[in-house]
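The values are calculated or read from the model by the stated rules, or taken from the named source; none is laboratory data. Bear in mind the structure is a predicted one, so any value in this text is a computation, not a measurement. Methodologically, a virtual Cβ is constructed for each residue, glycine included, from the backbone with ideal geometry; neighbour enumeration extends over all protein chains shown.
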Amino acid sequence: MQKRVMEEDFRKGEGRPQLLDLIPNERDWMVKDVGVGGKCFGVSEEKKLELRLGLPGDEDWSSVKEKREEHSIESALSLGHYSKVSKTIGTNPSSVGAKRGFLDTVESKTEVFQQQQQQQPGFLQLQAKGKELSQKTNGRAEQQSLEKKACGSPAAHGSAAAPCGDGAGANNSSQTRTAPTPVVGWPPIRSFRRNLASISKPSLESQNGGPETAVKFKNGRKGLFVKINMDGIPIGRKVDLKAYDSYEKLSLVVDELFQGLLAAQRDPLTAGTQKNPEEKQAITGLLDGSGEYTLVYEDDEGDRMLVGDVPWDMFVSTAKRLRVLKSSELSASSLGAVSRKRTAT
Amino acid sequence: MREERSDMSEDEDGGGGSAKSRGGGGAPPPFSDQVLEIVLENVLQFLSSRRDRNAASLVCRSWYRAEAQTRRELFIGNCYAVSPRRATERFRRIRAVVLKGKPRFADFGLVPINWGAHFHPWVSAMAAAYPWLEKLCLKRMSVADGDLSLLAHSFPNFRELSLICCEGFSTAGLAVIAEKCRHLRVLDLIEDYLEDDEDEMVDWISRFPETTTCLESLGFDCVGGAVNFEALEALVTRSPALRRLRVNHHVSVEQLHRLMARAPQLTHLGTGSFGSAAAAAAAAIPQGGNNVVDLVSTFAASKSLVCLSGFRDMAPQYLPAIYPVCASLTSLNFSFAEISAEELIPVIRHCHSLQIFWVLDTVRDEGLQAVAATCKDLRELRVFPLDATEDSEGSVSDVGLIAISEGCRKLRSILYFCQQMTNVAVVTMSKNCQDLVVFRLCIMGRRRPDHVTGEPMDEGFGAIVMNCKKLRRLAVSGLLTDKAFAYIGKYGKLVRTLSVAFAGNTDLALMYVLEGCTKLQKLEIRDSPFGDSALPAGLHHYYNMRFLWMSSCKLSVRGCMEVAQRLPHLVVEVIRERDEDDDHEAVEKLYMYRSLAGPRNDAPPFVEIL
């Protein structure tokens with residue numbers, strides 16, 4: 001058995017038996033090359049678990065046991081950036097092997113430990129050492145024989161090296177998938193191709209996010225101040241669209257902003273004196289065309305639009321400036337009644 | 001050492017631009033040799049392929065000098081592989097430069113900001129050395145507005161600027177280019193990230209010279225802000241040589257209509273939004289027409305159109321407008337248009353000449369079947385996902401792939417995003433499309449097996465490397481064991497670029513590749529269980545490669561250090577983004593590349609060079 005294994009290893013022409021380390025922890029994952037004249041590039045000694053393909057009676061057994069115990073303190077199976085996530089999927093090894101391998105398959109520490117123990121016997125058996133087998137808690141003989149094959153013929157497909165070692169196409173179709181933790185940069189799509197669904201085509205920045213995943217959401221952080229000018233009034237104002245959530249409120253604000261100025265314009269002499277507050281005329285009907293003035297805006301394409309057609313959020317994201325025009329001067333040709341932009345449904 | 005250097009110059013895509021010095025200094029050669037060199041220069045002028053030039057430069061010192069004098073185009077595949085000074089000292093008469101910076105995984109956010117690839121040292125060196133520089137193409141470089149300004153002021157004869165996947169500049173930089181580069185023919189901005197503040201955007205289009213320009217190509221579809229349309233229209237009007245125009249999504253279909261009317265000679269058109277602006281725009285158009293009929297006739301008048309792209313916010317009713325040009329289109333990019341199969345079919349039915357087709361998976365397998373039925377000359381297909389997440393509804397699958405393979409036998413390049421795939425489909429493609437040079441399959445769910453058999457995707461990818469004898473670029477995905485890599489190592493003898501993610505079981509996989517793929521130049525790996533023991537397998541080859549990237553694998557500092565010590569001309573960068581107080585040994589990201597320049601001096605704090 002052993003010899004066959006060795007032969008198969010040598011088949012590659014390298015003659016360097018490889019160790020498959022089944023430790024389900026990213027940090028300790030390593031392969032220790034102990035072949036003829038090979039070098040060791042292992043990681044720090046204390047963390048790794050050594051599995052050797054060597055002659056029986058190898059004195060490293062004891063050290064192997066110790067390390068295994070140390071190692072069992074580590075728990076999570078995780079790779080990559082995200083923190084160790086413990087997922088409670090079934091302990092069914094076949095499901096583990098089927099899809100995510102190392103990623104999502106950690107249960108409890110003891111479980112892992114048990115699995116490790118079970119794994120190692122499989123390899124250790126190659127060394128014709130049967131001792132560890134008795135430690136198995138489940139009857140995993142068939143697992144081990146599969147692992148033997150897996151170990152012996154490196155080119156064989158099958159076992160994910162993770163705890164189960166299901167070889168031989170036993171990656172069955174148990175497609176029980178837990179929701180995967182999103183990973184940076186996967187799927188590999190450049191950021192301007194993400195979020196293409198036309199839920200909204202907001203401002204420019206989110207479509208051209210930087211190479212890193214963080215996108216500059218300018219509109220989100222600070223207020224959105226746009227200029228607002230009124231016909232006949234030389235001085236404009238600025239209004240923070242973010243501060244309001246409806247057209248009605250905006251309309252009221254416009255009224256507040258310009259009432260005084262309008263009055264001053266009409267009668268410079270009384271401006272500033274509060275003697276007849278009720279003579280100040282409110283600016284109304286800005287949105288429905290019924291008042292003396294109508295509110296329009298210029299959007300990000302430079303077109304002049306009637307305020308009120310699109311949902312408020314969309315308006316906020318596309319409005320670049322506002323104007324209060326005299327309703328009498330609006331003509332049908334300069335403003336369409338309905339925006340033909342694709343709106344969010 | 002000698003052989004490694006010569007290997008460096010052999011590769012066509014090799015980094016370093018083969019800018020190695022061979023002690024060519026010293027006393028000038030005797031007169032007769034000088035004459036010979038002049039003769040040689042006259043002959044070598046005709047040599048354009050850089051691979052041939054690299055070979056010629058190795059013959060002897062004389063040939064080395066003659067070649068250096070006659071090289072006009074400099075290709076630097078990795079900006080850190082050679083120093084600007086060294087390159088400019090060897091090659092004195094360069095007119096065109098191609099310069100590439102960051103590794104490709106930077107596009108997906110895996111390389112931290114400020115990692116490097118600064119254009120500045122290069123433009124400074126070139127400003128002094130190459131006053132007659134005409135063309136510049138930068139890819140994945142960090143370019144500042146100041147650099148663009150220096151460029152504009154340093155090269156009076158400057159003609160062509162292409163910026164691909166670059167970042168760091170803004171419309172202010174573009175304005176300087178537009179204004180100062182009076183001979184500008186090409187300004188192509190492709191997938192760049194501009195650093196524009198909404199309120200600070202510059203009207204760069206207005207800065208082009210008022211006179212007739214020699215502009216042949218203007219592409220700004222990646223520029224986020226709206227450009228001054230009147231200025232754009234005027235520019236197009238006074239650019240009779242304009243053949244390629246790619247506008248951004250702020251240009252509505254009505255505005256596009258106007259532009260096309262000014263430039264019926266266009267061959268390449270990026271259509272912007274292809275959606276209607278507000279009704280307000282209607283009044284601005286003299287003819288008052290913004291309906292489809294007018295657009296159709298405009299397209300009909302554009303008899304030279306062969307390439308269409310854009311469609312960023314397309315209103316479907318405008319799609320039929322492109323029918324008149326479909327039959328002559330060789331390239332069509334719908335990758336931003338959410339069109340269904342029903343909407344695609346009437347269009348694609350006419351596209352008999354199509355060679356390049358980019359599309360969203362919203363067209364589904366049926367759409368791809370329609371493509372396969374008509375586009376018999378298709379060379380390149382890219383199917384992008386509308387919803388690039390792992391659990392999204394898969395819209396295209398193995399069915400679409402098989403259909404394409406059966407209909408488009410001349411396919412050379414494919415990029416296919418899907419949620420489910422079968423080995424059978426991939427094997428079928430490997431048999432039907434023997435001309436495949438690029439095969440990039442992205443099964444978006446990590447480690448997903450064949451959805452019919454539950455098996456790993458080993459056999460499919462194995463068949464690709466086995467049957468597609470011309471394969472040079474491969475990207476793998478899905479559930480893959482070491483066996484897949486054994487296949488790749490064994491059969492992928494021409495593979496130059498390999499992308500691996502969430503694949504393999506053991507170090508063996510990486511070893512197979514490093515030992516087997518003799519032409520490998522670019523290897524990028526993420527989230528795969530490969531450790532230090534695999535690295536030595538490539539020691540004999542790393543000097544022949546442009547780079548190796550490994551992130552979220554099982555590497556440690558010790559293993560990487562071993563490589564760094566064994567290969568002194570290899571720069572081994574360890575990139576650490578998070579605080580590794582718990583584990584200083586583990587290597588989160590490894591980026592290593594050959595270099596004549598040694599460790600770079602602009603490395604940010606999170607990069608450690610071993």
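Across the stretch B:61-73, the qualifying residues are those that are of a type outside the set (F, W, Y) and surrounded by fewer than 23 Cβ atoms within 10 Å (Cβ to Cβ), and the one among them that is nearest to B:F547 (Cα to Cα) is B:E73.
When the stretch B:581-598 is examined, which residues are found to be touching a residue at least 12 places away in the same chain (Cβ under 8 Å) and either exposed (fewer than 15 other Cβ atoms within 10 Å of the Cβ) or among the charged types (D, E, K, R) (or both)? Across the stretch B:581-598, the qualifying residues are B:H584, B:E585, B:E588, B:K589, B:R594, B:G598. Taking B:E195, is it outside any loop (DSSP other than H, G, I, E, B), of a type in the set (D, E, K, R) and within 30 Å of A:S317 (Cβ to Cβ)? It is false that B:E195 is outside any loop (DSSP other than H, G, I, E, B), of a type in the set (D, E, K, R) and within 30 Å of A:S317 (Cβ to Cβ). Restricting attention to the stretch B:33-73, the residues being touching a helix residue (DSSP H, G or I) at 6+ places or on another chain (Cβ under 7 Å), more than 23 Å from B:N544 (Cβ to Cβ) and part of a helix (DSSP H, G or I) number 11. Scanning the stretch B:488-540 for residues that are hydroxyl-bearing (S, T, Y) and either within 9 Å of another protein chain (Cβ to nearest Cβ) or without any contact (Cβ under 8 Å) to a residue 24 or more places away in the chain (or both) yields B:S499, B:T506, B:Y512, B:S528, B:S533. Taken together, the residues in the stretch B:100-137 that are more than 20 Å from B:P599 (Cβ to Cβ) and within 14 Å of chain A (Cβ to nearest Cβ) amount to 7. Of all the numbered requirements in (1) over 19 Å from A:G302 (Cβ atoms); (2) touching a Leu at 6+ places or on another chain (Cβ under 8 Å), B:H257 misses one, and that requirement is (1).
Checking every residue in the stretch B:413-424 against the condition of being within 20 Å of B:A373 (Cβ to Cβ) and out of contact with any Leu (no Cβ under 9 Å at 6 or more places or on another chain) gives zero matches.
For the stretch B:359-407, the set of residues classified as of a type in the set (G, A, S), within 14 Å of another protein chain (Cβ to nearest Cβ) and touching a Ser or Thr at 6+ places or on another chain (Cβ under 7 Å) consists of B:S395 only.
Got at least one residue in the stretch B:499-507 being outside any loop (DSSP other than H, G, I, E, B), farther than 22 Å from B:R382 by Cα and not aromatic (F, W, Y)? Scanning the stretch B:499-507 turns up at least one residue that is outside any loop (DSSP other than H, G, I, E, B), farther than 22 Å from B:R382 by Cα and not aromatic (F, W, Y). Among the residues of the stretch B:206-220, are any under 25 Å from B:V97 (Cα atoms), surrounded by 23 or more Cβ atoms within 10 Å (Cβ to Cβ) and within 14 Å of chain A (Cβ to nearest Cβ)? Checking the stretch B:206-220: at least one residue is under 25 Å from B:V97 (Cα atoms), surrounded by 23 or more Cβ atoms within 10 Å (Cβ to Cβ) and within 14 Å of chain A (Cβ to nearest Cβ). The residues of the stretch B:315-345 that are touching a strand residue (DSSP E or B) at 6+ places or on another chain (Cβ under 8 Å) and not hydrophobic (A, V, I, L, M, F, W, C), listed by number, are B:T330, B:S331, B:N333, B:S335, B:E338. Quick check, is B:V325 without any contact (Cβ under 8 Å) to a residue 24 or more places away in the chain and outside any loop (DSSP other than H, G, I, E, B)? Spelling it out, it is not the case that B:V325 is without any contact (Cβ under 8 Å) to a residue 24 or more places away in the chain and outside any loop (DSSP other than H, G, I, E, B). Checked against the criterion of being in contact (Cβ under 8 Å) with a residue 60 or more places away in the chain and in contact with an Asp or Glu (Cβ under 8 Å, 6 or more places away or on another chain), the stretch B:61-80 contains one or more residues that satisfy it.
Quick test of your reading of the structure: B:I339 fulfils all but one of (1) over 24 Å from the mean Cα position of the chain (by Cα); (2) within 19 Å of B:R379 (Cα to Cα). Name the failing condition by number. Result: B:I339 fails condition (2) only. Could we say that B:L479 is of a type outside the set (D, E) and either more than 8 Å from chain A (Cβ to nearest Cβ) or in contact with a helix residue (DSSP H, G or I) (Cβ under 7 Å, 6 or more places away or on another chain) (or both) here? For B:L479, the condition - of a type outside the set (D, E) and either more than 8 Å from chain A (Cβ to nearest Cβ) or in contact with a helix residue (DSSP H, G or I) (Cβ under 7 Å, 6 or more places away or on another chain) (or both) - is not met.
Do you know which residues across the stretch B:46-78 are of a type in the set (G, A, S) and closer than 11 Å to B:I94 by Cβ? Steps first, answer last, please.
First, pick out the residues of the stretch B:46-78 that are of a type in the set (G, A, S): B:48-49, B:55-57, B:62, B:66, B:68, B:77.
Residue satisfying the conditions is B:A68 alone.
Considering (1) part of a strand (DSSP E or B); (2) at pLDDT 95 or above, the lone condition that B:L510 does not fulfil carries the number (1).
Those helices (runs of 4 or more DSSP H) of the stretch B:363-473 in which 2 or more residues are without any contact (Cβ under 8 Å) to a residue 40 or more places away in the chain and within 19 Å of B:L332 (Cβ to Cβ) occupy B:364-374, B:398-407. Within the stretch B:116-164, the set of residues being part of a loop (DSSP other than H, G, I, E, B) and among the small types (G, A, S) comprises B:G116, B:A117, B:A144. Checked against the criterion of being under 30 Å from B:P604 (Cβ atoms), of a type in the set (S, T, Y) and either in contact with a Leu (Cβ under 6 Å, 6 or more places away or on another chain) or surrounded by 16 or more Cβ atoms within 10 Å (Cβ to Cβ) (or both), the candidates B:S57, B:S83 yield just one match: B:S83.
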